[in-house]
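Here is the structure we will look at.
Computed from the coordinates by the stated procedures, all read-outs in this text should not be read as laboratory data. None of the values given here were measured: they were computed from a predicted structure. Note: ideal-geometry Cβ built from the backbone for every residue, glycine included; neighbour counts use all protein chains shown.
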Amino acid sequence: MEEDTDFRVRFGSLYFITDHVGFQGTIKNSPSDFIVTEIDEHGQLVNKDTDELIYKVDEVLSEPNSIAKKRKQNPQNIFIEKRTNKDFNSLTGCSDNNQNHQFDLEKEDTPSDKASKDKEEKVDMLGSLLNERTYELLSQFACEIKENWNSQTEYIGPSPELSLGRILDKNQRSSLHCAVRQKFPFLITVGRNSEIFVKPNLDCKEFCHLVSEEEAFGFFKYLDLKKENSKFSFKPDANKDHRRAVHHFVNKKFGNLVETKSFSELNSNAGNPRVVITVRFREKAHKYRKRSLESFIKSRIIFVPAFTLRKENLEMFEAIGFLAVKLGVIPSDFSYAGLKDKKAITYQAMVVKKVSPERLKNIEKEIEKKRIKVFNIRSVKNSLRLGQLKGNHFDIVIRNLKSQVNDTVNLRERIWEAIENVKNKGFVNYYGPQRFGMGRKIHTDLIGLALLKNEMVKAVKLFLTPEDLDDPVNRAKKYFLQTEDAKGTLALMPEFKVQERALLESLHRFGMTEEGCIQAWFSFPHSMRIFYIHAYSSKIWNDAVSYRLATYGSRVVAGDLVCLDEDTKDENFINNKIHLVTEEEASANTYGIHQVVLPVLGYNNQYPRNKVGQWYQETLNRDGLQTCRFRVPALKMNVPGCYRQILKQPHNLSFELMEESETNVKKDGSHITEATLSLLISFDLDASCYATVCLREIMKHDF
């Protein structure tokens, strides 16, 4: 591989967290020196043989409720008056016993339900969820909103809002959302980064112009509770035009959730009948099926083949493209949990749609020549998704070990010291060089930046930029950049370059215009399109970590973000687990450096409130992304972002030193045999961590 000087500059400036001296050596002398094995969600290595060929349907049927969406908590059932033995089609009116008379339930409550209700009636839900001061502010805010409505004053600018503070517990947030809306149905609640805000419910205000305030409030309470099999009835109404307006409002605003019907009131005046509008929640489509739950589940389960992919010295997307051609499917039919190195032997789980297990077995001999093997073929119910793994196991050989320059300490002692240091203290959790296309003229993050800026033509040209090599692939790329002749380039591009050919075929069809390039990007599966966006986010994250450590070192400072879930093994923790460090917490050393996280760019992140946050903003401005919302509608890509711990530690680390004899030929033709030292090292890393980065920290050496 040619030397990538630009990449050496990038990674040479990155930070080390440990203070040992390190040593020198070479990795990836051959693919067999670097073996990567995926660890699935159950902690099993995916290269182990398995006898489990199919997941039985019985396993699903044992817990039938798992397929139904869990209903929200119902913290205030006191708003519901229970009625029984009422059929929806015969409902004609409602009692005026109290303002919540409009609710009607078809099912009788069980004794446990009644006990639960009795208990809940004695609890002031809002009072238990909010402190006294916040409760007072909320009540005052609600009164001001009502007074504003009664004065018919229109809001100028954004609607006023009140913060109820940050609630880290998800269930507590859900209860508070519901409790506020039940207590004050003319308000709505909105969650942002675990913080709950209260705003006026403008739909409720509009509805109050159409029906009475009592009816409007009752209707919105009913909507929020989402009580299954319940109904809501408005007061009897003899005005047909008014009823039509009510039907129209409800169906326009909430037609996907509820349905309305009108019924003549019993014993009403035949000459001037009064009619009741009744609302009920729409039933799920599967409830209309007259068959058992077991047969319904069986009918919905579609089994697809899963397998373990072994590849050697091959890019993952290239391997998928080759398999797609052999199986007669498209690359987007494959799903996987993570990306794997090229110059290595890798084992990973995959799932492919539209193919039978027998078809996979039949191509085993055909794909061997591409250094690909598929085994552990079995049937599963679901595709894989990125991040659906526990981590990766690495077996690595580091050859030609040497001491650092002018280091007089014994090499074996240096190796032991370095490994123990990283084992105990960890390493800076950078994204590895393979994330960005090490050895290439154009790195993947540059393509991602162009996509984020909606520069589709530029992104295509960057993707097809040739390397300084004289081979069929790069000759074809050079021809394209000189002529933009997609058809002619296709004739030159080798068949095994599936991605490039798919892009060129699309360009030939749609043209080298902005719209044509958008269509060309759709020739790639979504996971590959978004890969380039993630590459740019990863590059910025690496630079941000270096800046953070250079500025503040390993101490936790005010404005840092920390993860409150110490068991987190990947980047999937979200805002409700992220906490902003205060001055008091920083002074008290409440948190450790291993808890500090930094945001990976996206539309749903919060940023540090110190110099690091300022750095993020300045960097995005520099790259022309000051108004970027991390959504690329043209390519149907939304990037919510996530958080990544700045330090990680290897698990189950073991190592062994071995001496090897190496024979070299001198200038005079004589042979000399020298003993060289090699290191065999094995360890596990959490998902999205890079072995090359861990080794970089151990050796204090950039690769």
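What is the list of residues in the stretch 594-610 whose amide nitrogen lies under 19 Å from a point 7 angstrom out from the Cα of LEU620, following Cα to Cβ?
Inside the label zone: 597-610.
What is the gain in length, in nm to one decimal, between ASN29 and SER262 on full extension, counting 0.36 nm per residue of separation less the C-alpha to C-alpha distance? Please list the in-between numbers first.
Details: separation 233, 0.36 × 233 = 83.88 nm, distance 7.82 nm.
Length gained between ASN29 and SER262: 76.1 nm.
Under 19 Å from a point 7 Å along the Cα-to-Cβ line of SER159: which residues of the stretch 236-256 have their amide N that close?
Under cut-off, by backbone N: 249-256.
What is the order of LYS441, LYS477, fewest Cβ neighbours within 10 Å to most? Display every interim value, and only then the final one.
Values: LYS441 16, LYS477 22.
In increasing order of surrounding Cβ atoms, one gets LYS441, LYS477.
Rounded to the nearest 0.05, what FRET efficiency is calculated for SER682 and GLU144 with R0 set to 56 Å and r the Cβ-Cβ distance?
Numbers: r = 65 Å, r/R0 = 1.16.
Approximately 0.30, to the nearest 0.05.
Could you check the spin-label model distance between ASP407 and GLU484? Points 7 Å from the Cα along Cα→Cβ, value in nm.
In this crude spin-label approximation the distance works out to 5.3 nm.
So how do 359-369, 415-425, 390-400 stack up, highest first, on mean other-Cβ count within 10 Å? Working shown, then result.
Details: 359-369: 13.3, 415-425: 17.5, 390-400: 20.2.
With the highest mean Cβ count within 10 Å placed first, the list reads 390-400, 415-425, 359-369.
If I take R0 = 25 Å and measure r between the Cβ atoms of GLN172 and LYS353 in this structure, what FRET efficiency does the formula 1/(1 + (r/R0)^6) give, to the nearest 0.05?
Numbers: r = 40 Å, r/R0 = 1.60.
Computed FRET efficiency for GLN172 and LYS353: 0.05.
If r is the Cβ-Cβ distance from HIS247 to SER212 and R0 is 22 Å, what FRET efficiency results, to the nearest 0.05? Please report the intermediate quantities before stating the final value.
Numbers: r = 17 Å, r/R0 = 0.76.
That pair, HIS247 with SER212, gives E of 0.85.
Considering the dipole of the stretch 528-645 built from charges on the beta carbon (Lys and Arg +1, Asp and Glu -1) around the Cα centre, which of ASN621, TYR591, LEU549 is farthest to its positive end?
Working it through, the farthest residue towards the positive pole turns out to be ASN621.
Given Cβ point charges of +1 (Lys, Arg) and -1 (Asp, Glu) and nothing else, what value in debye, to the nearest 20, does the dipole of the stretch 528-645 about its Cα centre take?
Here the stretch 528-645 has a charge dipole of around 600 debye.
Which length gain, in nm to one decimal place, applies between ARG133 and ALA634 when the Cα-Cα distance is subtracted from 0.36 nm times their residue separation?
Values: separation 501, 0.36 × 501 = 180.36 nm, distance 4.69 nm.
Once the chain is fully extended between ARG133 and ALA634, it gains 175.7 nm.
Fully extended, how many nm does the chain gain between ALA491 and ASN474 (0.36 nm per residue separation, minus their Cα-Cα distance)? If you can, show how the numbers build up before the last one.
Working: separation 17, 0.36 × 17 = 6.12 nm, distance 1.32 nm.
That works out to 4.8 nm of additional length.
Largest first and to the nearest Å, give the Cα extent of the stretch 528-645 along each principal axis.
The Cα atoms of the stretch 528-645 stretch 48, 31, 18 Å along their principal axes.
Report P(r) for the stretch 321-461: all Cα-Cα distances, bin width 5 Å, range 0 to the bin holding the largest distance, values in whole percent.
2, 7, 10, 14, 15, 14, 12, 10, 8, 5, 3, 1, 0
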